[in-house]
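Working notes, beginning with the structure itself.
The values are calculated or read from the model by the stated rules, or taken from the named source; none is laboratory data. Here the structure is a predicted model, which is why all the values come from computation and not from measurement. A quick note on method: Cβ atoms are made from the backbone with ideal geometry, for glycine too, and the neighbour counts reach across all protein chains shown.
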Amino acid sequence: MKASYPIAENEFERLVDLADFDLDYTTLQDKFKDLTTLAAKVTGTDISLINLIDSYTQWTITNHGLDLQFMPREESVCQYTILENDSFEVKDLRNDERFAQQWYVAKDPQLRYYFGIPLKSSRGNSLGALCVLDTTLKELDPEKIEFLRIIAAEIVSRLNTIQEIRHLKQHASDLNESRKRVAHDIRGPLGGIISMAQLVTANGDSFKLKEILDFIELIQMSSKSLLELADEILVQDDKWKNQNGSSEEVFHQVKLKDTLEKLYAPQALVKGVHFSIATEASTELMPFSRNKVLQIVGNLISNAIKFTPQTGRVEVNTRLTREGSRNMLRLTVQDTGVGMSEEKVNHILNGQGQSSQGTNGESGYGFGLPLVKHLIDTLNGSLTIRSVPGNGTCFDVSLSQPRTN
């Protein structure tokens, strides 16, 4: 009988919180490696992992003692840790029916002991867990557990720092763009003011007092208009930031393809699903904002793999086009899976979750696709779904973006 897997009461808020960090799980190893090493040494355990858990997958962003990059969420122990306020311990994994048959217990490395601490964001949501494991039975004393709590707090602090650095980089980029716009937009009015001032200076003796006063009035009017223009530019700049967020980071299709292949090709390989990503050659190096793009397309790919049987296909296509003063990023994820009914498609488009099992019995949590819809809506994008039961599904995402070049 299929086990029942736990879901937090605030699961959707938790997933949104994790998505707001906008992390690329392939780039974090070096930033946290010292902390997993420290956790293992402090506790005297063979293994230490830092795991972040999204809708479908537990991502091991760095590890010590076990070469692990990901596992299906429903197979993990940390899925229980993120439900706890303080910690979660399993003294012998062999004697717990939730884990006794999992590969990491029944087969190599034959793990026995587990201790995990949830990684809580400033909003109080569990993003994942710091855990230590061992192939022998252990007993952690309170002092070692307190050390783990300190390390867990440092992990969250570094995640916050990574997010803040990204915000600061974008703010600096925004300021640079504002400087360029101001320099361009005020050049004409300022030139006119300078010309009028030079005219008065050079020919002042030949002008009557009234003419000079008229020139001064024109200069004042031009100066006032210049100030109003500067105010308008600043207001527009604030509106642009509010509409587009402050976490923009330049990306392009080739980099997106490389990241997605690193993250999801192993999952497809394990299930025996053919996975491919195609870019548009003419625009594949054209920059675009990566804001939430990995979270959106990643959830769609995970969902597609989950509902596609062995030897099936999951195909991703990316393209970027210029439309007026904007760029349009289009992402398509198409599979040859089980498909969906019109009713289920409507539930997704209405932001509602429906839990169901994948083609290999993978657990369904019902939050992945509603999360995608939520993220797309926050970016003022659009999502269309074409699906026929038994004949696969195609997700089309369109995201309008400001020019980045």
Among the candidates Thr384, Thr404, Thr378, Thr359, single out the residue that is surrounded by fewer than 17 Cβ atoms within 10 Å (Cβ to Cβ), modelled with pLDDT of 85 or more and touching a Phe, Trp or Tyr at 6+ places or on another chain (Cβ under 9 Å).
Thr384
Residues satisfying the stated conditions in the range 9-24, i.e. within 17 Å of Cys78 (Cα to Cα) and crowded, with 16+ Cβ neighbours inside 10 Å
Glu11, Arg14, Leu15, Leu18
Criterion violated by Leu263 - all others in (1) at positive phi; (2) of a type outside the set (Val, Ile, Thr); (3) modelled with pLDDT of 90 or more satisfied
(1)
In the range 53-88, the residues that are in contact with a helix residue (DSSP H, G or I) (Cβ under 9 Å, 6 or more places away or on another chain), closer than 17 Å to Ala40 by Cα and surrounded by fewer than 19 Cβ atoms within 10 Å (Cβ to Cβ)
Gly65, Leu66, Leu68, Ser87
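A quick yes/no check of all residues on (1) of a type outside the set (S, T, N, Q); (2) touching a residue at least 40 places away in the same chain (Cβ under 8 Å):
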site	(1), (2)
Gln295	no, yes
Asn299	no, yes
Ser302	no, yes
Thr321	no, no
Gly324	yes, no
Leu329	yes, yes
Gly339	yes, yes
Leu349	yes, no
Ser48 passes all but one of the listed conditions (1) outside any loop (DSSP other than H, G, I, E, B); (2) of a type in the set (Gly, Ala, Ser); (3) free of Cβ contacts under 8 Å to residues at least 24 places away in the same chain; the exception is number (3)
Can you name the number of the only condition in (1) among the hydrophobic types (A, V, I, L, M, F, W, C); (2) at pLDDT below 95; (3) over 32 Å from the mean Cα position of the chain (by Cα) that Ile162 fails?
(3)
How about the range 26-45: which of its residues are of a type in the set (S, T, N, Q) and outside any helix (DSSP H, G or I)?
Thr45
Just the residues that are in a helix (DSSP H, G or I), of a type in the set (Asp, Glu) and buried (at least 18 other Cβ atoms within 10 Å of the Cβ), please, taken from the range 246-303.
none
